[in-house]
Amino acid sequence: MKNDAAILPERAKSIRFSECSGDGSGIKCESESVSGAVSQRACVYCGARVVLNPITDAFHIVHGPIGCASYTWDIRGSLSSDEEGYRNSYSTDLRETDVIFGGEKKLVAAIDEIMAIHSPKVIFIYATCIVGVIGDDIDAVCRNAEAKYGIRVIAVKSPGFSGTKKTGYKMACNAIMSLVTPDVLPEKTLGVNILGDFNLAGEMWIIKNYLRRIGVEVVANITGDAKVDDLKKAPSAQLNLVQCAGSMTFLAKKMEEVFDIPFIKVSFFGVTDTSDSLLRIAYAVGDKEVIQRAKAFIEEEKNRVIPLLNKYKKNLEGKKAAIYVGGGFKAISLIRQFQEFGMNTVMVGTQTGSKEDYEVIQHLVDENAVILDDANPAELEAFMREMGADILVGGVKERPLAYKLGVAFCDHNHERKHPLAGYEGTLNFASEINLSMNSPVWETISQGGIKYV
Amino acid sequence: MSKNLVNLNVNPCKMCMPMGTSNAFYGIQKCMNILHGSQGCSTYIRRHMATHYNEPVDIASSSLTEEGTVYGGEKNLIIGLENLIKLYEPEVIGVSTTCLAETIGEDIEYIINNFYASHPDEKVKIIPVKSAGYGGTQFEGFTRALKAIVSHVDMDATKHDKINIISTMISPADTRYLKDLLDQFELDYILLPDLSENLDGVHQSSYHRLPMHGTPISEIQKMAGARTTIEISDTIKPEESPGVYLDTQYGVPYKRLNLPMGLRDTDALIELLSELSGKPIPEKIAKERGRYLDGMVDSHKYNAQGRIAIFGEPDFVVSAVRLCCENGVMPVIAATGSNCPHLKENIEKEISKLADILFVEDYVILNDVDFETIEEEAIRLGANLMLGNSDGRRIEEKHHIPLIRCAFPIHDRIGGQRVRTLGYEGSQILLDQITNTILKAVEGGFRETLYNTYYNEGPKSKYGLEPEKEANMKVLETPNPKVPPTTMTIEEKTANHPCYSCGASQKNARMHLPIAPKCNIQCNYCVRKFDCPNESRPGVTTEILSPEAAFEKYKLVKEKVPNLTVVGIAGPGDALANFEQTQKALTLIQEYDPNVTFCVSTNGLMLPYHAKDLAKLNVSHVTVTVNAVDPAIGAKIYKHVDFMGNRYHGEAGASILLANQLAGIKLLIDEGIMVKINTVTLMGINDKHIEEVVKTVKDMGCFISNIMPLIPVKGSAFEDLTIATNQEINAIRDKCGIHLKQMYHCKQCRADAIGKLDSDISLEFREKEEQFKETALSAQKGLRFAIVSKGGMLVDQHFGQASELYIYDYLDNEVQFKEKRVIGKYCTGEEDCDEKEDKIGVILRELKDCDGVISMRIGDLPSKRLETKGIKVFSTYDRIEDAVKTAAQDILKSKLPKSQELLNVSGGV
C-alpha cells in the first residue's frame, strides 16, 4: 500500500484499510499504546478528572507537581447552574524536596487551608503519577481529614501510568460510589438518574428538559451540573440512564448491585437516537402517560427539526467524513448521523474502542473505509489524504492537522461551546459540519491556490 | 438617507468634501490647506483629524464674515493666503472651497490669479479645489483634491521608468506598508498622496509646524511621464479620477485595483507589481500570504458565526466585504454614506453566494445611507458585529453589538493612524480582530447564554410547558378493572396463611414467585442452581420470572386455584436483594387483587432499608432466616456477605448480617408486620445455639419460629454435614416452644412452589405458563424479541457473549422496550457457571417467551437449538429499534400467505 512510511510495523494490526487486509482475526485493539508512536490518548488522571470535575460544589485538589493541575484548569465546557468553584484549580504543587521527603504533610496542610477559607462539602484528592511512586498514603490523609472536619474527603488514585483513561473513569466511579452510598438506603422515588452527561454546553439541561416534557423526574445528574447534595439522592432513583457508555457503565453496574437500580443505555446524538432513547426511557419507566407524552413530544420535535435538517442536507450530501474520537459508541453514532446527512464515512478511528465496536463499525462503513485503533497523527494524515476526506470529527489535538491538510473540522469534544445533543444539538451538528466543510476558505485556497512558494 | 424620513439624515454616515481635501493635502510635502469659507469648517475638520491621527492638524480658513459673504470673499482669501505664507512658509497651498464659497459663487481660480498678480515674487504653488460640502462626501473630496493637484501642477511629460500609485484615503500605517511593498519589488514610484509621515510623525526634539513630508511637487510633476498608473480604488467615478486624467491628458496607461484587503485583492496588487517590476514575488511576501491562508483556515469556523455590518467609504466597504466573504463572515449589511450606485453591483454576487452556503435569508446593501437605517437593519438582521469607523459607537453602546474600529475617523480609541488593513498582514490583523471579537462574545457569554436558553428548573407547569400547551397534552386514562378491596385484619390474614396457621395449611394455597435471582450472602448450605424440577427445597427454581411475567403467572394460577390467598417471594435469591422486582411484582398483583396476603422471605441483610417499603406494599408477613445471634457462630455458617459494594468474610460479615437482621426485625414489628424466624439446624454448629436465637427474636416480638433440618446439597460447603433427625429437630422445637410458637408443618418449599404446602403443583403450571405467554402475545398480534447487546443501543454483541438480554416487543407497528434481563447475575460464583452448556441453557430459558433473537453473530449450535424451539434467529449490526422492526417485518411476512408477501422487506439475517 501507499502509506507504508506512515505506519509502524507494530501498528499494522490496528489498522484496517480494506476488506481483505489483516489476518481475519479483526482489528487489534484494547491494548497498550505503542511507545513512540505518538498516541492521541490521555492518561488515567485525565479520565478521573473528566468525570468528577463537573461536580460544581466539590473541591478538587490535585496532589502532585503542578503540570497535572495546570493542564486541566477550567478547560472543559461543563456548565453550572449555580456554584462556580469547580472552575478553580487547586494543586499541592509538589517540588523537588516534597518528592524526596514525601508530600503528605503538604497535602494535609493544603486541606487545612481549603477548610479555613471555604466550606466544601466534599474534597476530591487526585493522586497523580509522582504520588503513586513516592508512596504518600493519601488514604490515611483523607481518613484523618474526614475525622477532623466531618466532611467527605475522597481519594481518587489516578496515577497516569496505572492504565488508560478508562481506568480513570473507574476511579472516578468508585469515588462517586463512595460519595453517594448512604448509611441507610433511602426510600425509592419516582425518578431517574442521568449518568454520563457532563453538561457540555448545557446538554444536561437539554436532556432534563426533554425528560420533564415527557413527565420523568430526574433525581441526580451524574455529573454534569451536579451538586453534592443532589448526588447523594441518587440511590433513591428507580432507574439509571447511562449516556456516555465508556465512562459510566461501571458506575451503573455498581449502582445496580448496591442500590438495586436497574439501568438502560441511551444516546442523544442524532434525531433517531434521541427519539429511540426517549421512547425507551418511557417504556422502561412504564407509565402510560409518560409513553403517550414521549410519543407526542418526539413527533413534535421531528416535525420541527427534520425539515431544517433537510435544508442542510443539500450542502452535505455526497461529502466524505473522517472520524477520530475517544470511544466506539460515539464513532458509531457519528457514522450513522453522517449517513442520515447522505455523507460517507471514509476513515474512522477511536482511542479506546472495543472489538465489538470495531465489528459494528466495519459493517457500517464501505468496504474500503479505513478503520484505526489508537491512531497517531502520521496515520491520520496519511489516510485522510488518501481517502480525500472533506471533514474530520475529532478533538482539538486533531484540529490543526486537519487544517494543514485542507480538511474541515468538527470538535466533538469537551471544549465546544454549543450543544450537539438532542434535537437542537443535531441541528447544531449539521450546521457546524456545513459551515466548516463549505466555508469559502477552502474555495479561496483551492482556486487561489498555494502560490508564490 | 434615512429609511423612515425622506427629508432627514439621522446620524450621518459620512462627512463633507473639504474633509477629504484636507486629508489629501496632508499627503503633499510642505503643503498647507486653506478652506475658503466660514471659520467653523476648518475647526471641525481639524478637531476630527486631530483625534483620529493624534497629530497637530493645522488648516487655515478664509474666515468669511457677513461682509465677505455679501460682497465676496476675495479679500478674505487673499489675506488668508498672505498670513498662511507668513506663518508656515509652505511650498504648496491647497485652497478648498466650502458650501458657502460655492454658493455665493466665489471664483477661486480668479482670486488665485489676482493673488499671484499682486504678489509677483511669490513662488508658492496654489491649487484650488472646488469642494462644496454638498457636492459629495469626504471620499469624493479626497479624490477631487488629487485630481486638482495633478491638473494644476505644471507637468513634465518626459517619459521615465517610474510608476504612479494613487490611492484613496488609507491610514499612514497602510501607506507605509504600500511603500515597503513597492520597495520590495525595487520599483521606482510616485505615490500620491503620501500621508504616512505627516499624519503619523515621529517624536523629535524640534517640531515643524509645516508638514515636511509627503509627495513633493517635483515628483508630482513627473507623473505625466510615468510608464503606468495604478489607481487603488475601483469606485472613483472616471470624471473624478486622477488616473483617468493622466491617461487622457498625457497617455499614461492606468490600471484600477481594489484596495488590497483580503487574499484576492492583495494577490492582484502583488501580481501586478511583480509584472511591472519583472521580479519574482519575494519569499517574504509569499510567506506572509501562506500565513494568511493558514490563519484563514484556523479561524474559519469561528468566523462563520459572524453576522457583520460593514459601513464606510465605498472602497473600504467593497474590500472589507470581499475579505469577510472569503473568510465566511456573513455581511448582513454593507453600507456607504457616499453616493456610489455601483456598490451593489460590485459586491452582491459575493454576498449572496455566502448567504446561500450559510442559509442566511436576508441581507442589505445600502447606498447613501445614514446610521439610523444601519441601526434598524442591524437589529432586524441580527448583526452581531460591526466594522467601520467609530461613528458606529452609538449602535454599539445601545445594542451591544461590538464595533471593530478601522478606517476614518476613529475618535474614541487611540491609534487611528496605525490601523492596518492592507496586504496579507493587514488582512490577517483585521481578520484576527474580527475573529477575536466573535470569540470574545462567545467565551465571555456562552455560559450565560446557554444557561438562559436551556436551564429550565423554574416553575411553569409540571412538564415545563406553558399552561395552554399543557392542556393540549392531556392523556386519556384507561381505567383498569380491579377487584374491589375488602378489609382484612392482620389476624385474618395470618389465619389464612398456610405457613403461619396450621389450619390454613390444609385449605389455603400459596404461590411463590421466583422473581428474585440475586443473593447478597452465601450460606454454606446453599447452592442456588436452576432447573431441578424434581428437587424441592428453598433456593431452587426452574426459571426466573420478570415481575410482569410473575404477575401474568399469578393471574393464571388464581384462575385455576381459587383458594390462592398468599403470594410469597422466596428467592431463589433474596427478595430484598432484588427489591425492584419484588416491589414491581407485588404492586402489580395488589392492583389486580387487593385482598391477597403478601409474604416475603429474606436473609435480613437489606431489611433495615426496605422494612418500611414492605409495609407500604402491604406485606403482612415476613420470614427472616436467622441461624445465629452470635457472630462467631455466624462466621461458620456464612461464607461471605456482600454489603454496600464490599464483600465481607468471617465474623465481620456475620456481624453486619446480624446487626441488620435485628435492626430490620425491629422495624418490621414496629410496622405491625408478622415476623417468622426460620432457622436451619446445623449439627455441631448452631444446634445448641438455636434456643438463644429463639429467645432473642421472641424478645423483639416475633410471631413464630420455624426450626428446619438441613437439606444437604451437593456442591455446598455443608454437603457432608450430619443431618439432624426428625426427633432431634422436634426436641429443639419443643425446647424453644416454651419461648415462642413453633411451626411444625414446614415443608421447606421451592422458590416457585404453587399450591397447598403438601402439594406443589408448580410443574403443571410451568408448562401452562408457556402456552399462556404465547397466547398472550399473539393475541395482541405482538412479537417479542431478545436483543443481545453490550451497549444497549445497538445490536453489538455475539450471542455467546451475552450477559444481558434486552427484551423488546413489536406491537402495533411500534418497537417497545420491555426490560433488561441479566444472565450473568443468575450465577453467584464463577464456579457455578463455567460450563458453557449451562449458560446456553440459561439463555434459552430466558428466551422462552420470545419470537426471535437478534444478535451480532450466533454460533451454529445455539442457533439450531433456538430454531427447534421456534425462535427465529437474526444477525445484524443495526440500532436495536431498527433491527426489531426489520426482524418483525420478516416474521410477519413469513406468516402471510405467499400471494400477499410484501416486496422489498429485507430480512435481518
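Structure summary
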item	result
Hypothetical label at B:Leu721: residues of region B:689-704 whose amide nitrogen lies under 14 Å (7 Å Cα-Cβ projection)	B:689-690
Helical contribution to [θ] at 222 nm, DSSP H n ≥ 4, -39,500 (n - 2.57), averaged over chain A, rounded to 500	-14000 deg cm²/dmol
Where GluC sites (Glu not before Pro) in DSSP loops with at most 15 other Cβ within 10 Å are excluded, longest remaining stretch of chain A	A:85-186
Positive-end extreme of charge dipole, the protein assembly as shown - chosen from B:Cys736, A:Gly26, A:Ala296 (charges on Cβ)	B:Cys736
P(r) tail fraction, region A:192-298 - alpha-carbon pairs more than 21 Å apart, %	27 percent
Gained length - B:Leu844 relative to B:Ser151, 0.36 nm times residue gap less alpha-carbon distance	239.3 nm
Set of region A:264-295 residues, backbone N closer than 20 Å to the point 7 Å along the Cα-Cβ line of A:Gln339	A:265-280
Label-to-label distance, nm, for residues given as B:Asn339 and A:Ser70 (7 Å Cα→Cβ offset)	6.3 nm
Potential extension, B:Ala659-B:Asn7 segment - 0.36 nm per residue separation minus Cα distance	225.5 nm
Long-range amide H partners of B:Thr215 with built H, under 5 Å	B:Ile28, B:Gln29, B:Asp194
Debye, to nearest 20: dipole size of chain A, +1 on Lys, Arg Cβ, -1 on Asp, Glu Cβ	540 debye
Projected label distance in nm at A:Thr97 and A:Val34, using a 7 Å step from Cα toward the beta-carbon	4.6 nm
Approximate spin-label separation A:Glu299-B:His649, in nm, with each point projected 7 Å along Cα-to-Cβ	6.0 nm
Cα-Cα pairs of the protein assembly as shown separated by more than 49 Å (percent)	50 percent
Loop-located trypsin sites (Lys or Arg not before Pro) in region A:135-178 whose Cβ has at most 14 other Cβ within 10 Å (DSSP)	none
Where a label projected 7 Å from the Cα of B:Tyr451 along Cα→Cβ would reach, residues of region A:415-438 with amide N under 12 Å	none
Close Lys-Lys pairs in region A:44-180, where close means Cα under 26 Å and separation is 8 or more or interchain	13
Charge dipole (region A:313-453, unit charges on Cβ, about Cα centre) - positive-most of A:Asn413, A:Val325, A:Phe383	A:Asn413
By accessible area with a 1.4 Å probe, ligands and nucleic acids excluded, highest first: order of A:Lys121, B:Lys123, A:Lys451	B:Lys123, A:Lys121, A:Lys451
Charge dipole magnitude, Cβ of K and R +1, D and E -1 - region B:283-447, Cα centre, debye nearest 20	620 debye
Cβ-Cβ FRET estimate between B:Ser277 and B:Thr248, R0 fixed at 22 Å, reported to 0.05	0.25
Euclidean distance of C-alpha centroids, region B:250-321 and region B:52-98, integer Å	39 Å
Unit charges on C-beta of K, R, D, E only; dipole of the protein assembly as shown, Debye	3720 debye
When the convex hull of its Cα atoms is projected in every direction, mean area for region B:283-447 (nm²)	9.9 nm²
Estimated FRET transfer efficiency when R0 is 41 angstrom, pair B:Tyr44-B:Glu361 (beta carbons, to 0.05)	0.50
Net length gained if the chain between A:Glu217 and A:Ile134 were fully extended (0.36 nm per residue, minus Cα distance)	25.3 nm
R0 of 35 Å, Cβ-Cβ distance B:Ser894-A:Ile306: FRET efficiency to nearest 0.05	0.60
Accessible surface, per residue, of the protein assembly as shown when the full set of protein chains is kept, probe 1.4 Å, Å²	40 Å²
Protein accessible surface hidden between B and A, which excludes ligands and nucleic acids, total in Å², probe 1.4 Å	8000 Å²
Dipole of the protein assembly as shown [Lys/Arg +1, Asp/Glu -1 at C-beta], most positive-end residue of B:Phe446, B:Leu614, A:Ala42	B:Leu614
Qualifying GluC sites (Glu not before Pro) in region B:329-365, DSSP loop, other Cβ atoms within 10 Å at most 12	B:Glu361
Cα convex hull volume per residue for chain A (Å³)	163 Å³
Alpha-carbon Debye profile of region B:260-356, log10 I(q)/I(0) at 0.12, 0.16, 0.22, 0.24 Å⁻¹	-0.45, -0.75, -1.10, -1.19
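The values are calculated or read from the model by the stated rules, or taken from the named source; none is laboratory data. All of these numbers come straight from a predicted model, not from anything done at the bench. Because the Cβ atoms are built from the backbone with ideal geometry, glycine has one as well, and the counts that use them run over all protein chains shown. Heads up: the accessible areas ignore ligands, DNA and RNA and are worked out on the full protein's heavy atoms, side chains in. Shrake-Rupley method; radii C 1.70, N 1.55, O 1.52, S 1.80 Å.
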